[in-house]
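What follows is one structure encoded as structure tokens, with my remarks underneath.
The values are calculated or read from the model by the stated rules, or taken from the named source; none is laboratory data. Predicted, not measured: the structure shown is a model, and the values here were computed from it. Here the Cβ is made from the backbone with ideal geometry for all residues, glycine too, and neighbour counts use every protein chain on show. All accessible areas refer to the heavy atoms of the entire protein, side chains included, with ligands and DNA or RNA removed. Shrake-Rupley method; radii C 1.70, N 1.55, O 1.52, S 1.80 Å.
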Amino acid sequence: MLSGDVHHSYFAEADYPRALNSRITQLTCSPLHNQAPKPLRRPLHAAWSHTAARLLRTMSQRAGVPPLPLHWRRTDGPYFGNAIAQLDYHGTRAQVTLWEATADDALARTCVRRLT
């Protein structure tokens with residue numbers, strides 16, 4: 001799935017309680033957006049923490065929400081600049097490259113993740 005408009009970019013993988021033959025990777029890229037204001041970046045980073053995940057999981061359990069059948073593990077990010085994600089396929093191989101805009105109107109390679 002490709003998704004965006006979250007004011008930051010990240011890559012994550014789904015972990016299942018049992019082994020599967022397939023893999024789910026979430027590639028989230030927020031291109032050409034209003035950059036997250038600096039005061040908002042610290043809370044966004046904190047929201048990705050293990051502490052926040054445990055707190056929210058506990059709150060969900062107490063509210064009677066059933067547990068999710070899988071767990072998302074962030075592999076890269078969050079990145080807060082304007083970005084473009086490039087997904088490349090070469091036969092059975094795939095990789096994603098995250099490019100961020102720089103102050104001099106160029107693109108800088110921020111992250112490369114092999115998907116297969």
Failed item in (1) part of a strand (DSSP E or B); (2) closer than 17 Å to V6 by Cβ; (3) among the small types (G, A, S), with A108 passing the rest = (2)
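Just to be sure, is A52 touching a helix residue (DSSP H, G or I) at 6+ places or on another chain (Cβ under 7 Å) and at pLDDT 85 or above? Before the answer, list the steps.
Numbers: touching a helix residue (DSSP H, G or I) at 6+ places or on another chain (Cβ under 7 Å): yes; at pLDDT 85 or above: yes.
Spelling it out, A52 is indeed touching a helix residue (DSSP H, G or I) at 6+ places or on another chain (Cβ under 7 Å) and at pLDDT 85 or above.
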Subset of the range 72-86 (residues that are buried (at least 18 other Cβ atoms within 10 Å of the Cβ) and either among the basic types (K, R) or without any contact (Cβ under 8 Å) to a residue 40 or more places away in the chain (or both)) | none
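For A36, indicate whether it is in a strand (DSSP E or B), small (G, A, S) and open to solvent by less than 50 Å² (accessible area, probe 1.4 Å). I'd like the intermediate steps shown before the answer.
Numbers: in a strand (DSSP E or B): no; small (G, A, S): yes; open to solvent by less than 50 Å² (accessible area, probe 1.4 Å): yes.
No: the conditions fail for A36.
Among the residues of the range 37-82, write down those that are aliphatic (A, V, I, L, M) and under 15 Å from the mean Cα position of the chain (by Cα). Step through it out loud before you land on a result.
First pass over the range 37-82, keeping only residues aliphatic (A, V, I, L, M): 40, 44, 46-47, 52-53, 55-56, 59, 63, 65, 68, 70.
Correct list: L44, A46, A47, A53.
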Selection from the range 44-54 of residues that are touching a Pro at 6+ places or on another chain (Cβ under 9 Å) and not in a helix (DSSP H, G or I) = W48
Kindly list the number of the only condition in (1) open to solvent by 70 Å² or more (accessible area, probe 1.4 Å); (2) part of a strand (DSSP E or B) that fails for L68.
-> (2)
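In the range 90-104, what count of residues is obtained for those that are over 20 Å from the mean Cα position of the chain (by Cα) and either part of a strand (DSSP E or B) or β-branched (V, I, T) (or both)? Break it down into steps so the answer makes sense when it comes.
Within the range 90-104, the subset over 20 Å from the mean Cα position of the chain (by Cα) is 90-93, 102-104.
This time we only want the ones that are either part of a strand (DSSP E or B) or β-branched (V, I, T) (or both), so: 90, 92-93, 102.
Total meeting the criteria: 4.
Among R113, R41, R57, which is on the phi < 0 side of the Ramachandran plot, in contact with a strand residue (DSSP E or B) (Cβ under 9 Å, 6 or more places away or on another chain), assigned to a helix (DSSP H, G or I) and surrounded by 12 or more Cβ atoms within 10 Å (Cβ to Cβ)?
Working: R113 fails: assigned to a helix (DSSP H, G or I); R57 fails: in contact with a strand residue (DSSP E or B) (Cβ under 9 Å, 6 or more places away or on another chain).
Among R113, R41, R57, only R41 is on the phi < 0 side of the Ramachandran plot, in contact with a strand residue (DSSP E or B) (Cβ under 9 Å, 6 or more places away or on another chain), assigned to a helix (DSSP H, G or I) and surrounded by 12 or more Cβ atoms within 10 Å (Cβ to Cβ).
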